[in-house]
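S.K.: I am attaching a structure below and will ask some questions about it afterwards.
Values quoted throughout were computed directly from the atomic coordinates according to the rules given, and no laboratory measurement underlies them. Values in this document were obtained by computation on a predicted structure and should not be read as measured data. For neighbour counting, all protein chains shown are included, and Cβ atoms are generated from backbone atoms with ideal geometry for every residue, glycine included.
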Amino acid sequence: MSELPVEKPAEAPSAPSAWARFLDSDFFYSFKRSPVAVVSFALVTLLVLSAVLAPLVAPHNPFDPATLNLMNGFSAPMEPNAFTGETFWLGTDDQGRDVFSTILFGLRISLFVGFAAVLFALLLGVTLGLLAGYIGGWTETLIMRAADVQLTFPSILVAMLIFGIVKGFLPVDARDEAAIWVLILAIGLSDWVQFARVVRGATLVEKSKDYVQAAKLIGRSPGAIMLRHILPNVLGPVLVIATISLALAIIAEATLSFLGVGAPPTQPSLGTLIRIGQGFLFSGEWWILFFPAMTLLVLALSVNLLGDWLRDALNPRLR
Amino acid sequence: MLAYIIQRVFQSIVVLLLVGLVAFSMFRFVGDPIDNMLGQERTGADIARLRTQLGLDQPFPVQYYKFLSNAVQGNFGVSYRQGRPVSQIIAERAPATLELAAVSAVLAISFGVVLGVFTAIRRNGVAANLIMSASLIGVSLPTFLIGILLIYLFAVELGWLPSFGRGDVVDLGWWSTGFLTASGLKALILPAITLALFQMTLIMRLVRSEMLEVLRQDYIRFARARGLRDRSIYFRHALKNTMVPVITVVGLQLGAIIAFAIITETVFQWPGVGLLFINAIQFVDIPVMAAYLMLISVMFVGINLLVDILYYFIDPRLRVDRTAAAK
């Protein structure tokens, strides 16, 4: 984005602000015209906001033992508890934790891991992709070979292996504490390839264009050319991949946590909650499983739909 | 052609050596093997003796070589958790995973191709649109949720099918099969569907988009102009030409099915290799993890190599392209 000159005579028919230009753009027009995109965007925003504001929104703090009452255990949704008479919107689990609150806090961890892992994958993938595309030679061979090899394996398996290996290297008492960070590392490392491949491809195209030649000619350093000139022009596809990766990362995190090799029970993510809830499926306490699962589903589906729409909207061939 | 195959084989060997290095480093650097094997009461002489016995005093490349040659002979060490040779444990568990994977693969390929062709031909039909929307949900729905949903419906509510385990198995000496008993077959249904569903949607979407691409081409228009019947156009002319990318993906998905079996096996407590691996990660059972890592890598690299070589026999155009690119 180029910066607009700030000092403009106020009464002149001024250039529209960045926000006004955004509202007038093709991009926003196609967003307005797509009900699916608007609804999924609204849902994602709602979920992200409630996760960020969880400590304020949640009626209980599921991690504060002082507010828990074991007598409240297994309350059904919207029904007053038989012993205490308290009512919980979405019921409680075996420990008397409010399911609604645990979902909010779980969502927080799921989204944090998802966003952090994608950010990590993005930084790594974009950097390596730029280097591979711009420098070429053995740097490119090395990076793209590594990418090919990693692509041979499903990313969820790569994430599991990295999680297992890093866990093995950590001292026993640090394992639970560090689990969230190991999870981010594992999912991020399993997901950088897509970014690197796309950025490399786009960089190869941009590199031969005149503006890059011109920048070289006036003596800009390779780093500056990559970051200031090429990078802004390859960001479109990166954004699309980032959105789709986010859905995948959220699902990957939930899967790992569900399998018991992710977020520990002390910091439960949605996947951990589903893992816990599965234990009560046969005894009839369906809500402990159902609501976290629905939250995960809505989250993954709306991020996916948003990604699909974004891919079409940013693809000039489909206009 | 030969040069290309040799190059690909060479690359595969390098990849496997690297994976072996990772597996070996896990052994060597995660915890101290001496600590794992000797108890609290040990003397310096004990440690030194065991160190020589295990070959830990030798240089790194020598140790690595020994590790690899052991692994190639199927010797992966002893599980920390179960105290038995890893190769024995894996051999016991492999039939369960392989049977599950085979059934899922058949389900995924047959339904995937048929539905893909159907949704491509009737691209604007109601049924095709319904299937496409359902498949989008299918892609967003994590495998384990599908499994739980199926358990809830068919095991908890309806009580038709078992929710965990393999049922009764028949022991054929070196292979235990669930195909031969009624309870074994019943136990197979839910896990197989769970595992197949994701791959099926993937194959279906791929076949659909390839079909749409092919149907747009001139030779199809000519076939129409020649008055060929629809069925002949779709299946003899169009489907055949969608097969190159489909075979690639199906080939790669076979590997993925084994990997995703980890999830399905955990949901259904299916006693296969995947469940073994997850338990190994939870308890940091390094020998089992390393063995699984190496086995699955051999499988993936092998499948990839095979798919690449198959290309040549399926699509003559690629031979030209590759040779031209190599020059």
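S.K.: By its C-alpha gyration tensor, with a ≥ b ≥ c as the square roots of the eigenvalues, how is chain B shaped: rounded for a/c under 1.5, else prolate for a/b larger than b/c, else oblate?
M.R.: Since a/c reaches 1.5 but b/c is at least a/b, the shape of chain B is classed as oblate.
S.K.: Turning to a different aspect of this structure: Please list, by residue number, every one of the trypsin sites (Lys or Arg not before Pro) in the stretch B:196-269 that is coil in DSSP and has at most 13 other beta-carbon atoms within 10 Å.
M.R.: On the way: sites: B:Arg205, B:Arg208, B:Arg216, B:Arg221, B:Arg224, B:Arg226, B:Arg229, B:Arg231, B:Arg236, B:Lys240; in loops: B:Arg216, B:Arg226, B:Arg229.
Here the sparse-neighbourhood loop sites are B:Arg216, B:Arg226, B:Arg229.
S.K.: By the gyration tensor of its Cα atoms, with a ≥ b ≥ c the square roots of the eigenvalues, what is the shape of the protein assembly as shown: rounded for a/c under 1.5, prolate for a/b over b/c, or oblate?
M.R.: Cα axes put the protein assembly as shown in the rounded bin.
S.K.: Right, something else. What chymotrypsin sites (Phe, Trp or Tyr not before Pro) does the stretch B:252-304 have in DSSP loop regions with at most 15 other beta carbons within 10 Å?
M.R.: When the chymotrypsin sites (Phe, Trp or Tyr not before Pro) of the stretch B:252-304 are filtered for loop state and at most 15 Cβ neighbours within 10 Å, B:Phe283 remain.
S.K.: How big is the Kirkwood radius of the stretch A:239-319, worked out from every pair of different alpha carbons and given in Å to one decimal?
M.R.: Values: mean 1/r = 0.0723 Å⁻¹.
The Cα-based Kirkwood calculation yields 13.8 Å.
S.K.: What number comes out for the charge environment of A:Leu131, summing +1 per Lys or Arg and -1 per Asp or Glu over other residues with Cβ under 10 Å away? Could you put the intermediate results ahead of the total?
M.R.: Working: positive: A:Arg200; negative: A:Glu140.
Local net charge: 0.
S.K.: Just add up the charged neighbours of A:Glu285: K/R +1, D/E -1, any other residue whose Cβ is under 10 Å from the Cβ of A:Glu285.
M.R.: -2
S.K.: Here's another thing I want to ask about it. So how far apart, in nm, are the two label points at B:Phe313 and A:Ser25 if each is 7 Å from Cα heading toward Cβ?
M.R.: So the label points at B:Phe313 and A:Ser25 sit 5.1 nm apart.
S.K.: Same structure, new question: To the nearest Å, what is the center-to-center distance of the stretch A:15-59 and the stretch B:128-153, using C-alpha atoms only?
M.R.: Spelled out, the Cα-based centre of one part sits 27 Å from the other.
S.K.: Does the stretch B:217-308 come out rounded, prolate or oblate, given a ≥ b ≥ c as the square roots of the eigenvalues of its C-alpha gyration tensor, rounded meaning a/c under 1.5 and, failing that, prolate meaning a/b above b/c?
M.R.: Prolate.
S.K.: Moving on. Modelling each spin label as a point 7 Å along the Cα-to-Cβ direction, I'd like the A:Leu49/B:Met243 distance in nm, to one decimal.
M.R.: Roughly 5.5 nm, to one decimal.
S.K.: Still on this structure, I have one more. Please give the charge dipole size of the protein assembly as shown, origin at the Cα centre, charges +1 on K and R Cβ atoms and -1 on D and E Cβ atoms. Round to the nearest 20 debye.
M.R.: Using only the charged Cβ atoms, the result is roughly 2800 debye.
S.K.: How far, in nm, would the chain grow between B:Tyr65 and B:Leu21 when pulled straight, counting 0.36 nm per residue and subtracting the alpha carbon separation?
M.R.: Result for the pair: 14.9 nm of gain on full extension.
S.K.: Return the distance in nm (one decimal) between the two label points of a simple spin-label model at A:Ala174 and A:Ala224, each offset 7 Å from Cα along Cα→Cβ.
M.R.: Modelled inter-label distance: 4.1 nm.
S.K.: Give me the net charge of A:Ala117's neighbourhood, meaning all other residues with Cβ under 10 Å from the Cβ of A:Ala117; Lys, Arg count +1, Asp, Glu -1.
M.R.: Taking every other residue near A:Ala117 into account, the sum is -2.
S.K.: Which FRET efficiency value, to the nearest 0.05, is calculated for B:Arg84 and A:Ala214 with the Förster distance at 51 angstrom and r the Cβ-Cβ distance? The partial results should precede the final answer.
M.R.: Values: r = 68 Å, r/R0 = 1.33.
With a Förster radius of 51 Å, E is 0.15.
S.K.: Let me ask something additional. What residues have an amide H closer than 5 Å to that of B:Ser79, excluding those fewer than 5 places away on the same chain, when H is modeled at 1.01 Å from N in the peptide plane?
M.R.: B:Arg84, B:Val86
S.K.: I'd like the FRET efficiency for B:Leu149 and A:Ser17, computed as 1/(1 + (r/R0)^6) with the beta carbon distance as r and R0 of 45 Å, rounded to 0.05. Don't skip to the answer; put the middle values down first.
M.R.: On the way: r = 49 Å, r/R0 = 1.08.
Calculated value: 0.40.
S.K.: Follow-up question, since we're still on this one. Determine, from the Cβ-Cβ distance of B:Arg122 and B:Asp168 and an R0 of 30 Å, the FRET efficiency 1/(1 + (r/R0)^6), rounded to the nearest 0.05.
M.R.: Details: r = 43 Å, r/R0 = 1.44.
With R0 = 30 Å, the Cβ-Cβ based efficiency is 0.10.
S.K.: Additional query: With Kirkwood's inverse mean 1/r over C-alpha pairs for Rh, give me the Rg to Rh ratio of the stretch A:165-230, two decimals please.
M.R.: Using only Cα positions, Rg/Rh for the stretch A:165-230 is 1.31.
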